Amino acid sequence: LKFACGSLTCPSCPAFPVPLAVFLTGSDRIPIYGMSSLRIIIQSTPSGEQYLPVAHTCYNLLDLPKYSSKEILSARLMQAIDHYEGFSLA
């Protein structure tokens, strides 16, 4: 996955979307050593296009199915982020 304008932005960029950061890390806080210290691992999975990306927040790991287009990738990622529950203790 290549971070690019219009889809995703680089984690060290100040414009890195907060919902994406929360989805990937489980936290809405900036790491103590800054965003440049955040290491996100993205791995391809053999599941089909109907599956959503899965974030393993303890490891900053994103399981990403192989999608046939940027549009499908963007739609599935936004769907996963929109339905993310998190660790709400409220």
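Rule-based calculations on the coordinates, nothing more; no lab input. Here the structure is a predicted model, which means the values were calculated and not measured. Note that each Cβ is placed from the backbone with ideal geometry, even for glycine, and that neighbours are counted across all protein chains shown.
Electrostatic tally near LEU73: other residues with Cβ closer than 10 Å to its Cβ, Lys and Arg +1, Asp and Glu -1, net +1. Listed values for region 31-45 are Karplus-derived 3J(HN,Hα) couplings in whole Hz (6.51 cos²θ - 1.76 cosθ + 1.60, θ = phi - 60°), namely x, 4, 9, x, 5, 5, 7, 6, 10, 10, 9, 10, 10, 6, 10, and x replaces Gly and Pro. Model label points for SER44 and GLU85, set 7 angstrom from Cα along the Cα-to-Cβ axis, are 3.2 nm apart.
Cβ-Cβ distance of LYS66 and VAL18, R₀ of 22 Å, FRET efficiency by 1/(1 + (r/R0)^6): the value works out to about 0.25. Evaluated on region 39-89, the Kirkwood hydrodynamic radius is 11.6 Å, with distances taken between all distinct Cα atoms.
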